[in-house]
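S.K.: One structure, as structure tokens, below. Some questions next.
The values are calculated or read from the model by the stated rules, or taken from the named source; none is laboratory data. In this text the structure is predicted, and so the values were computed from the model without any measurement. FYI the Cβ positions are ideal-geometry reconstructions off the backbone, even for glycines, and counts take in every protein chain you see.
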Amino acid sequence: MSANTIDRVDAMLVDSGGPKRWVLVRLTTRDGAVGYGECYTAPNRELAIRTMVEELGQYAVGLDAFSIRHFTRVAFLDVATKRGSMEFFCAVSGIEMAMWDLVGRVLDRPVHALLGGALRDSVRVYANGWSYGSNGSVSESIAETVEGATSLVARGFDALKFDPFLGPWRPNVDRATERFAVECVKEVRDAVGPDVDLLIEGHRRFSQSTARRIAHLLEPFRPFWFEEPVPSSNVAGLAEIRGATSTPIVTGEDLYTKLAFQPVLEARAVDILNPDVASCGGILELVEIAAAASMTSVDVAPHNYNSLSLGLAATLQASAVIPNFLITEYFVNFEQRSAELMPVPFEVEGGRIRVPQGPGLGVEIDEIALRKATVDGPGRRRPIGTVGAEA
């Protein structure tokens, strides 16, 4: 066994300061070297993902940290027996990410250097996580949304994503909800001016007819994109909406591995893909998804509903080497907790973040702060519809 042999895999449930928990992964080699990764999580799924990391970790122990392709391959073939799930791929992604961090630290090189070298030294980001009310739902105050947007522009952000659609995520909305969403986007556009990009979130919510109608109503405000107007599994529907609007269409955050993206690309169903490094299979998988997308001139804008410490660090490393990279996600509501975990947090300047140049993912984690933020239970439960309400 070499000094780079993985000796221990730890999965930690960490308070994000918001409604969900982060699942962070720490790998330790037999000589004490450490690498960190992160798994994508969603409310109500955190405990299952942590358990999956612990199960898969048993197979990572004893492997050389450099055996990244081997681990992801045998995890899918031999452990999952080709039956993947959200929990499985999130766990694989977190461990894979930590292996890259370890390898980079051993070689004293940033991950992007090991992937062929950076094409850019900074990465454009869009702000998200700013437009929700105290209950975690879409704010019912357009004035508050406008105030949030203008404050972020004052900070230097030139791209903002938000969901203007009130109510639970149901496939059809009434006319009042539709009017509210359109008025909200209009007011934000009027407030921030023509040069700030507005990214509209659909959350896989709408029926075909509703999505097509909303896309048409939003066109006068020149959205940068309309994200997930219908589920990613409705490939024909995505293609139909794309053909019916001038607004670019996005999908991909709930797709895992490049095989799941193949039907979307073959159908030319979207303009932009947004895989998440912490769920799609990891850093290498994200780079390979982007390579597949480049063959049909589709851009890639990595999703990043993860911490600004590890998930974002991995996204930046991958984004640095992706030729068809467009923009990536930055959750402003995670800034405080992420900064507590990182002695040197990321800074957004002019709507961009510099690519980390340190070894591995290029960030350092404060172990004391991490222990303080580690918890045992899940975050806030996601609310569900009440009896008598349409489900």
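S.K.: Run down V125, V153 and say which single residue is touching a Leu at 6+ places or on another chain (Cβ under 9 Å), among the β-branched types (V, I, T), assigned by TED's automatic domain parsing to the domain that holds V348 and crowded, with 22+ Cβ neighbours inside 10 Å.
M.R.: One residue alone meets the criteria, V125.
S.K.: Here is a follow-up. Name the pairs: first residue in segment 354-372 and surrounded by fewer than 16 Cβ atoms within 10 Å (Cβ to Cβ), second residue β-branched (V, I, T) and outside any loop (DSSP other than H, G, I, E, B), Cβ to Cβ under 6 Å, at least 6 apart or on different chains?
M.R.: none
S.K.: Go through segment 355-380 and count every residue that is part of a helix (DSSP H, G or I) and either small (G, A, S) or closer than 30 Å to L115 by Cα (or both).
M.R.: Looking only at that region, the number is 4.
S.K.: Identify, by number, the condition in (1) within 18 Å of T28 (Cα to Cα); (2) touching a strand residue (DSSP E or B) at 6+ places or on another chain (Cβ under 7 Å) that C90 doesn't meet.
M.R.: Every listed condition holds for C90 apart from (1).
S.K.: Of the residues that sit in segment 17-34 and are surrounded by 24 or more Cβ atoms within 10 Å (Cβ to Cβ) and under 20 Å from the mean Cα position of the chain (by Cα), which one is farthest from F334 (Cα to Cα)?
M.R.: V25
S.K.: Being more than 13 Å from F226 (Cβ to Cβ) and not hydrophobic (A, V, I, L, M, F, W, C) is the filter; apply it to segment 260-274 and report the residue that is surrounded by the fewest Cβ atoms within 10 Å (Cβ to Cβ).
M.R.: This residue is E266.
S.K.: Let me ask another. Going by what's in this entry, would E38 be described as in contact with a Leu (Cβ under 6 Å, 6 or more places away or on another chain) and within 20 Å of A313 (Cβ to Cβ)?
M.R.: The answer is yes for E38.
S.K.: What do you reckon, is T245 in contact (Cβ under 8 Å) with a residue 12 or more places away in the chain, more than 19 Å from A301 (Cβ to Cβ), in the same structural domain as G350 (by TED's automatic domain parsing) and not charged (D, E, K, R)? Walk me through it before giving the result.
M.R.: Details: in contact (Cβ under 8 Å) with a residue 12 or more places away in the chain: yes; more than 19 Å from A301 (Cβ to Cβ): no; in the same structural domain as G350 (by TED's automatic domain parsing): yes; not charged (D, E, K, R): yes.
The answer is no for T245.
S.K.: Within the group W100, W130, which residue is in contact with a Leu (Cβ under 9 Å, 6 or more places away or on another chain), outside the structural domain of T28 (by TED's automatic domain parsing) and either of a type outside the set (S, T, N, Q) or surrounded by 16 or more Cβ atoms within 10 Å (Cβ to Cβ) (or both)? Steps first, answer last, please.
M.R.: Details: W100 fails: outside the structural domain of T28 (by TED's automatic domain parsing).
The unique qualifying residue is W130.
S.K.: Of all residues in segment 140-182, count the ones that are under 30 Å from G350 (Cβ atoms) and among the acidic types (D, E).
M.R.: The number of residues fulfilling the criteria is 4.
S.K.: Report yes if L119 is more than 23 Å from V332 (Cα to Cα) and not assigned by TED's automatic domain parsing to the domain that holds R69, otherwise no.
M.R.: Against the criterion (more than 23 Å from V332 (Cα to Cα) and not assigned by TED's automatic domain parsing to the domain that holds R69), L119 qualifies.
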